[in-house]
Amino acid sequence: MSKTVLVSGGAGFIGSHVTVELVQAGYDVVIADNMSNCDETNYKGVCAILGRELPFVKMDFCDAKAVRDLFAKYPIDAVIHFAAFKAVGESVAEPLKYYGNNLGSFINVLEAARAKEGGCNVLFSSSATVYGEPEQQPVTEQSPRQSATSPYGNTKQMCEDILRDSVKAYPGLKGIALRYFNPIGAHPSALIGELPRGVPNNLVPYITQTAIGKRECLSIFGDDYPTPDGTGQRDYIDIVDLAKAHVAAVTRMLDGKMKAGYEIFNVGTGRPCSVLELVKAFEKVNGLKLNYRITARRPGDIAAIWADPSYANAELGWKAERSVEDTLASAWAWEKHIAGKE
Ligand code: WQD
């Protein structure tokens, strides 16, 4: 009897890639999304890749009754919670919108999960942003969290603590927080990928939109950081590798392999990559020249962060496999695919 996984925010960039990997690993998946930050492109792409429709519920996780009804309708064995707002800058301008939505929706999920007969497993989409500007690199799960530099980052820390405390208090509830580094790329089919609304905040969609001519020029935010080439360093993890880490974590929970009620894993490659290195790799693998210029630092950016993924490698039996070149080729293929559709 296959297990059922609810993917909240499953029509989004990460949620859709995780859905594909879960179904291909033999899980039944229910997608629920309020479509506030995406359209049907990725959901249709998921169905095309899998060759079939999936149960899809349009709903808002801030609606407690709708969440209860969802848990009553489907035999949910595990939830992967992506449904949240995630724009760092917007969260500074609209803190109440972020606290209300990101905390409220997660609390509704946990209330429904803990009330479920036989308990439930909850996988939370956290972020390396909880580490702030680390004193030491690479960061491990024991590296200290630093006070958040944005309400968005604070909601990630608060949701980790809410999950930790709920697992302690409510029998039957198990939890894992996956701290992602920088997810990039698209599915090799080019049928699902990142669909930023408006001007992209993140680097790779800005690169691909510049390459396709939607943006005039990429601004590299600062080349005076204390890094080898002066530009910011991050741990860019391929979206399909990231999705596979979710399958490994859900399987760990459902197979009863957890070693504690609440666990945290860094999901990264362990390889630091600078902005300039990424731009050069993009140009090389795709055989094009990118129009870019160096500008001032972006307020709130940190110089560098990258993961020590050895705990996830060992405990989840998972390792990032795709090269940054393959990932950047997939990002470019996706940009061309959606340009053709517009
Ligand atoms: C990466 C690097 C920029 C855009 C954010 C969130 C994090 C997570 C991932 C949600 C930095 C540089 C960027 C551009 C640039 N989001 N850059 N020009 O800031 O590391 O992380 O997205 O979970 O929580 O904080 O990602 O892609 O914005 O920036 O030079 O147009 O690229 O300075 O060095 P970031 P990013």
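With +1 on each Lys and Arg Cβ and -1 on each Asp and Glu Cβ, and nothing else charged, work out how big the dipole of segment 195-239 is about its Cα centre, in Debye to the nearest 20.
320
Report, in deg cm²/dmol and to the nearest 500, the calculated mean residue ellipticity at 222 nm for the chain, where each DSSP H run with n ≥ 4 adds -39500 (n - 2.57) and the sum is divided by the residue count.
Mean residue ellipticity at 222 nm (helix-derived): -12000 deg cm²/dmol.
How big is D for segment 58-201, in µm² s⁻¹ as a whole number, if Stokes-Einstein is applied with the Kirkwood radius of its Cα pairs at 25 °C and 0.890 mPa s?
Answer, rounded: 148 µm²/s.
With Cβ to Cβ distances under 11 Å as the rule, what net charge do the other residues near Ala307 carry (K, R +1; D, E -1)?
Neighbourhood net charge equals 0.
How big is the Rg/Rh ratio for the chain, C-alpha atoms only, Rh by Kirkwood, two decimals?
0.95
Hey, if we sort Lys97, Lys86 by accessible area with the 1.4 Å probe, largest down, what's the order?
Lys86, Lys97
When the Cα centres of segment 183-212 and segment 78-157 are compared, how far apart do they sit, in Å?
23
Hey, could you get me the Stokes-Einstein D for segment 170-310, Kirkwood radius over alpha-carbon pairs, 37 °C and 0.692 mPa s, rounded to whole µm² s⁻¹?
192
Using the crude model of +1 on Lys and Arg Cβ and -1 on Asp and Glu Cβ, and no other charge, please compute the dipole size for the chain relative to its Cα centre, in debye to 20.
340
Straight distance only, please: which aspartates and glutamates reach the Cα of Lys259 with their own Cα at less than 13 Å, same-chain residues fewer than 8 apart left out?
Partners within reach: Glu315.
Can you list the lysines whose alpha carbon sits under 28 Å from that of Lys284, skipping same-chain ones fewer than 8 residues off?
Answer for Lys284, where 28 Å is the Cα cut-off: Lys214, Lys244, Lys319, Lys336, Lys341, listed by chain and number.
Under a 1.4 angstrom probe, counting protein chains only, how are Glu194, Glu277, Glu315 ranked by accessible area, largest first?
Accessible-area ranking of Glu194, Glu277, Glu315, largest first: Glu277, Glu315, Glu194.
If one puts a single equal scatterer on every Cα of segment 228-342 and applies the Debye formula without solvent, what log₁₀ I(q)/I(0) results at q = 0.15, 0.22, 0.23 Å⁻¹?
Computed log10 I(q)/I(0) values: -0.82, -1.22, -1.27.
For segment 1-90, build the charge dipole from Cβ charges (+1 Lys, Arg; -1 Asp, Glu) around the Cα centre, then report which of Ala11, Met35, Leu50 sits farthest towards its positive end.
Farthest towards the positive pole: Leu50.
Binning at 10 Å from 0, report for segment 1-77 what percent of all alpha-carbon pair distances ends up in each bin.
20, 55, 25, 1
Compute the long axis of helix 151-169 from its Cα atoms, compare it with the longest principal axis of the Cα atoms of the chain, and write down the angle in degrees, 0 to 90, nearest 10.
30
Taking the Cα atoms only, what angle lies between the long axis of helix 203-212 and the longest principal axis of the chain, rounded to 10 degrees?
60
Quick one: ranking Phe124, Phe221 by accessible area, 1.4 Å probe, largest first, what do you get?
Phe221, Phe124
Show which aspartates and glutamates lie in cross-link reach of Lys73 when reach means a straight Cα distance below 15 angstrom and same-chain residues fewer than eight apart are skipped.
Those aspartates and glutamates meeting the cut-off are Asp28, Glu117.
Tell me the net charge near Arg145. Cut-off is 14 Å between Cβ atoms, Arg145 excluded, with +1 for each Lys or Arg and -1 for each Asp or Glu.
Around Arg145, the surrounding residues sum to -2.
How far, in degrees from 0 to 90, does helix 239-254 lean away from the longest principal axis of the Cα atoms of the chain, to the nearest 10?
Computed tilt is about 20 degrees.
For segment 115-124, in order, what is each residue's ³J(HN,Hα) by Karplus, 6.51 cos²θ - 1.76 cosθ + 1.60 with θ = phi - 60°, in whole Hz (x at glycine and Pro)?
7, 6, 4, x, x, 7, 10, 10, 10, 9
Give the residue from Tyr206, Tyr236, Pro188 lying farthest towards the positive end of the charge dipole for segment 182-256; charges sit on Cβ (+1 for Lys and Arg, -1 for Asp and Glu) and the dipole is referred to the Cα centre.
The Cα lying farthest towards the positive end belongs to Pro188.
The values are calculated or read from the model by the stated rules, or taken from the named source; none is laboratory data. Because the structure is a prediction, the values reported are computed rather than measured. Virtual Cβ from ideal backbone geometry, glycine too; neighbours counted across all protein chains shown. Side chains are part of the model used for accessible areas, which takes the heavy atoms of the whole protein and leaves out ligands, DNA and RNA. Shrake-Rupley method; radii C 1.70, N 1.55, O 1.52, S 1.80 Å.
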